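Novice: One structure, as structure tokens, below. Some questions next.
What follows is calculated from the coordinates using simple rules that are stated; it is not laboratory data. Just so it is clear, the structure is predicted and the values come from calculations on it, not from any experiment. Every residue, glycine as well, gets a Cβ built from its backbone with ideal geometry; the counts of neighbours run over all protein chains shown.
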Amino acid sequence: MAPEARSQRVDAARALREAGVTALIAFGLFLPLIGFQTVTDIHNELILQTRWQLLFAITAVVCIGRLAFSLGIEPWLAQRTLRPANATSAPWRSFVGRWFVPFAIGFVIAYPPIVIALNGFSGAVKWIDNFGIQILIYVMLGWGLNIVVGLAGLLDLGYVAFYAVGSYSYALLAKTLGLSFWILLPLAGVLASFWGILLGFPVLRLRGDYLAIVTLAFGEIIRIVLINFVDLTNGYAGISSIPRPTFFGIPFNANEDGFAAVFGLEFSPLYRTIFLYYLILALALLTALATVRLRRLPVGRAWEALREDETACRSLGINTTNTKLTAFAMGAMFAGFAGSFFASRQGFISPESFTFLESATILSIVVLGGMGSQVGVAIAAIVMIGGTEIMRDLDFLKQIFGPTFDPTQYRMLLFGFAMVLIMIWKPRGLIATREPSVFLKERKTIAADLVKEGHG
Amino acid sequence: MARTGNTILRVEHLTMRFGGLVAVDDLSFEAEQGDITALIGPNGAGKTTVFNCITGFYKPSEGRLGLRHGAAKAWAHLEALTDNGERCLTLPDGAVYQLERMPDYLVTQQARVARTFQNIRLFPGMTVLENLLVAQHNRLMLASGYTLLGILGFPSYSIAEKAAIDTARLWLDRVGLLARADDPAGDLPYGAQRRLEIARAMCTEPVLLCLDEPAAGLNPRESAELNELLLAIRAEHGMSILLIEHDMSVVMEISDHVIVLDYGVRIADGVPNEVRNDPKVIAAYLGVADRDVAKIEADVGL
């Protein structure tokens, strides 16, 4: 009892000391940054103002935060590492593991009726469109990128380029040739995977950081071409009035041959939204199913082997060039599908939608979810995208922080926070373990520390 | 040049330069079919470089690396192959390959030369079984119709996969790892990882197996087991084995033919007993002047 109490006291003293040091550093750092401010007065002269209150407030917050970390979070983390790993595998875990995926799929299928029942017809649009469709697009993109980054271990920072190729393929071909969504969907996928292969060829020799930089540049090239090739893409102005998808030929409009009239329903824009929801759900599930199947095929095993050890792959007669290209092409194809869906859903696209921020968001979804894990990626997408959408609704915060407060502006800050927390708590992502693709007697989950992340 | 009937690999005037450094200098030797040929030499002698040239990881600066499949008289066509500039010449009852013209993966895929690595290169995050299935990639790829038939669930792939799992099971039983088939390869003890790497190389169905220091890091008992495994592979599959090894208990016990390299040059070539007593070899290994060899030989009990 006595030594424990003493260690507790020592900890408190150490925590106080650390908090003091942190406060000093914060004070020193913020003194010139926040403590002083230059403003122009009415005589148009620069004058120096001091903001002591704000400075002290921030320093106090930092100090208290550090104190809380030392006293609360640090001991908890230490305890967690001390605990043996197998102590956590309670029976409920295996139960959840077995039933989570069927339950989740059932829920997303039943989601629109549930929302309509809860919010009525008019209130449901927001929930299905902003939450359902938006999240599912990112789930699909995350799963697509997961093939490239999670399975093949090739770090791709320009994934949004293929999304853009898919979107513009759909928009341009639908407007100029008048082809239907169902013809253009596979075509957009094919075109995107063609660009994936085109990108793949020059970057095959690169690894790690170099690969990341070249893919990043490729993403920017596509975006800048879209901006500057005005004759084709209409530049910054983007492409508008893109044909919307039809219900197998029946358009969603208020006309006599529209969806509502044909099925004897009262017209509502919600039908299109629900249709789009199930469409992206089907596309996302197709991505997941294809990935699950590919992992059990030789090409999928070759991807994972490539991530583990490229030299060993070559020594086993695997053509690593082709294997990487198929990974790029597959990932790009699903981005192309998602892109053509995006274009048809929005009805308007511009290069603004395909910035590096999008690539970074998709990549962070994959990294946070756990590279290679489909369930993890889906959860990460729900948290990241759903979280952003929820922030739009937090009007009560305006009453606390004043009417000019816009919570969505703090999106990136919260992203960063989430990243830091996940990297402390689970450095390899939410679900970092690997399920073997084949087994002889029993399927044993492989611990994260054995699975390589790839060299790029 | 004498054409012995049973040669499987013919290394001729192999030279490998890295900038100003000559790692392998005009090396010629032959490996016989069904023999265990050992390549030994002090550290930095160029043994692994020779391996990397044979397996296509390096492109030699000079030289010809001939490999034969099937009938021994295929060698007669090697000159024709050299002249026509192709990678291989397929004959009705065999084939000849020029390995220096092939990229690394084709050396395994077509010329059927498998290799292991000095520092074990398994896929640590994949299970033991998966490691062996990756080794059968090309056959499975064909059966899955280059993924197209496989993803649509055609039965040809599931049949081929079953056969591949059976092959893997056979090899796992062979190297004593059947009980650990579903464990990640990175979890295996060192000696088991060495055996698994050999099993994985054998799953590519090679005609020539190149082992880079398979006994490194093994204890004497594991070394003895390795000897047995290699002899059994040779006896049952008629496998030709090319071996780099430092462990003399392995080299002297199982090799049929030993080639000694020093500074990229062949200094001895013969059956283990000849090589063991070659003063140049002893000098190279122990680093003494030739006149002191007899004394040191006596000291170390050779």
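Novice: Once amide H atoms are built 1.01 Å from N in the peptide plane, which residues 5 or more positions from B:GLU32, or in another chain, come under 5 Å H to H?
Specialist: Long-range HN contacts for B:GLU32: B:ILE8.
Novice: Let me ask something else about it. How high is the relative contact order of chain A? Use alpha-carbon pairs under 8 Å, at least six apart in sequence, and give a whole percent.
Specialist: Numbers: 607 pairs, mean separation 101.5, N = 456.
Rounded, it is 22 percent for chain A.
Novice: Tell me, A:TRP303, A:TRP195 in order of fewest to most beta-carbon neighbours within 10 Å? Can you show the working numbers first?
Specialist: Values: A:TRP303 28, A:TRP195 22.
Fewest-to-most Cβ neighbours within 10 Å comes out as A:TRP195, A:TRP303.
Novice: Using the C-alpha gyration tensor of the range A:115-230, what are the square roots of 5 times its eigenvalues, in whole angstrom, with the largest one first? Kindly include the intermediate steps, with their values, before the conclusion.
Specialist: On the way: eigenvalues 186, 82, 32 Å².
Equivalent ellipsoid of the range A:115-230: 31, 20, 13 Å, largest first.
Novice: Kindly provide the Kirkwood hydrodynamic radius of the range B:120-203 in Å, to one decimal, from all pairs of distinct alpha carbon atoms. Kindly include the intermediate steps, with their values, before the conclusion.
Specialist: Values: mean 1/r = 0.0771 Å⁻¹.
After inverting the mean inverse Cα-Cα distance, the result is 13.0 Å.
Novice: Most exposed first by the Cβ proxy, i.e. fewest other Cβ within 10 Å, how do B:LYS59, A:LYS324, A:LYS441, B:LYS47 rank? List each step's numbers first, then the result.
Specialist: On the way: B:LYS59 13, A:LYS324 24, A:LYS441 10, B:LYS47 27.
The fewest-first ordering by Cβ neighbours comes to A:LYS441, B:LYS59, A:LYS324, B:LYS47.
Novice: Here is a further query. Of A:ILE242, A:LEU154, B:ALA185, which is farthest on the positive side of the dipole of the protein assembly as shown, counting Cα position, with +1 on Lys and Arg Cβ, -1 on Asp and Glu Cβ, and the Cα centre as origin?
Specialist: A:ILE242
Novice: Among B:ALA179, B:ALA224, B:ALA284, which one moves the most in a GNM of chain B with springs linking Cα atoms closer than 10 Å?
Specialist: Largest GNM mean-square fluctuation: B:ALA179.
Novice: Among B:VAL96, A:VAL165, A:VAL115, what is the fewest-to-most ranking by other Cβ atoms within 10 Å?
Specialist: Values: B:VAL96 24, A:VAL165 27, A:VAL115 20.
The fewest-first ordering by Cβ neighbours comes to A:VAL115, B:VAL96, A:VAL165.
Novice: Over chain B, with a Gaussian network built from C-alpha contacts below 10 Å, which listed residue (B:ASP35, B:ASP182, B:ASP212) shows the highest mean-square fluctuation?
Specialist: Residue with maximal mean-square fluctuation among B:ASP35, B:ASP182, B:ASP212: B:ASP182.
Novice: What translational D, rounded to a whole number of µm²/s, comes out for the range A:320-456 from Stokes-Einstein when the hydrodynamic radius is the Kirkwood one over Cα pairs, at 20 °C and 1.002 mPa s?
Specialist: 120
Novice: Still on this model: Cα-based Rg of the range B:28-80 per 2.2 N^0.38 Å, rounded to two decimals?
Specialist: Working: Rg = 13.0 Å, N = 53, 2.2 N^0.38 = 9.9 Å.
Compared with the compact-globule rule of thumb, the range B:28-80 sits at 1.31.
Novice: Given only helices, namely DSSP H runs of n ≥ 4 each adding -39500 (n - 2.57), what is the per-residue ellipticity at 222 nm of the protein assembly as shown, to the nearest 500 deg cm²/dmol?
Specialist: The helix-only estimate for the protein assembly as shown comes to -17500 deg cm²/dmol at 222 nm.
Novice: Normalised by the number of residues in the range B:20-160, what is the relative contact order in percent for Cα pairs under 8 Å and 6+ residues apart? It would help to have the intermediate numbers written out before the result.
Specialist: Numbers: 124 pairs, mean separation 22.8, N = 141.
Relative CO of the range B:20-160 lands at 16 percent.
Novice: What is the spread of the Cα atoms of the range A:178-256 along each of their three principal axes, largest first, in whole Å?
Specialist: Principal-axis extents of the Cα atoms in the range A:178-256, largest first: 57, 26, 18 Å.
Novice: Let me ask something additional. Direction-averaged shadow area of the convex hull around the Cα atoms of the range B:160-244, nm²?
Specialist: Details: hull surface 22.8 nm².
Averaged projected area of the range B:160-244's Cα convex hull equals 5.7 nm².
Novice: Report, in degrees rounded to the nearest 10, the 0 to 90 angle that the Cα long axis of helix A:298-308 makes with the longest principal axis of chain A.
Specialist: That helix lies at roughly 20 degrees to the long axis.
Novice: Remind me, what semi-axes does chain A give for its equivalent ellipsoid, largest first in whole Å, using sqrt of 5 times each Cα gyration tensor eigenvalue? The partial results should precede the final answer.
Specialist: Details: eigenvalues 330, 209, 129 Å².
That gives 41, 32, 25 Å for the three semi-axes.
Novice: How big is the range A:2-82 on each of its three principal axes, counting only the C-alpha atoms and giving the largest first in Å?
Specialist: Here the Cα extents, ordered largest to smallest, are 68, 22, 14 Å.
Novice: Any idea what % of Cα-Cα pairs in the range A:298-368 are farther than 13 Å? Walk me through the numbers before you get to the answer.
Specialist: On the way: 1830 of 2485 pairs.
Looking at the range A:298-368, the distances longer than 13 Å represent 74 percent of pairs.
Novice: Tell me, what is the Rg over Rh of the range B:212-288, with Rh the Kirkwood radius over Cα pairs? Write out the running numbers ahead of the final one.
Specialist: On the way: Rg = 13.2 Å, Rh = 13.4 Å.
Rg divided by Rh gives 0.99.
Novice: Which value, in debye to the nearest 20, gives the size of the charge dipole of chain A about its Cα centre, when Lys and Arg are +1 and Asp and Glu are -1 at the Cβ? Intermediate values should be presented prior to the final figure.
Specialist: Details: 35 positive and 28 negative charges, 314 e Å.
Dipole magnitude for chain A comes out near 1520 debye.
Novice: With springs only between Cα atoms under 10 Å apart, run a GNM on chain B and tell me which of B:GLY46, B:GLY56, B:GLY238 wobbles the most.
Specialist: Top of the fluctuation ranking is B:GLY238.
Novice: OK, next. Give, to the nearest whole percent, the P(r) tail of chain B beyond 25 angstrom, counting all Cα pairs.
Specialist: Looking at chain B, the distances longer than 25 Å represent 52 percent of pairs.
Novice: Can you find, among A:GLN37, A:PHE27, A:TRP52, the residue sitting farthest towards the positive end of the charge dipole of the range A:2-82, where Lys and Arg contribute +1 and Asp and Glu -1 at Cβ?
Specialist: Of the listed residues, the answer is A:PHE27.
Novice: Let me ask something else about it. Normalised by the number of residues in the range B:171-295, what is the relative contact order in percent for Cα pairs under 8 Å and 6+ residues apart?
Specialist: Values: 121 pairs, mean separation 19.8, N = 125.
Value for the range B:171-295: 16 percent.
Novice: Quote the Stokes-Einstein diffusion coefficient, in whole µm² s⁻¹, for the range A:257-401, based on the Kirkwood radius over alpha carbon pairs, a temperature of 25 °C and a viscosity of 0.890 mPa s. Kindly include the intermediate steps, with their values, before the conclusion.
Specialist: On the way: Rh = 18.6 Å.
My calculation gives 132 µm²/s for D.
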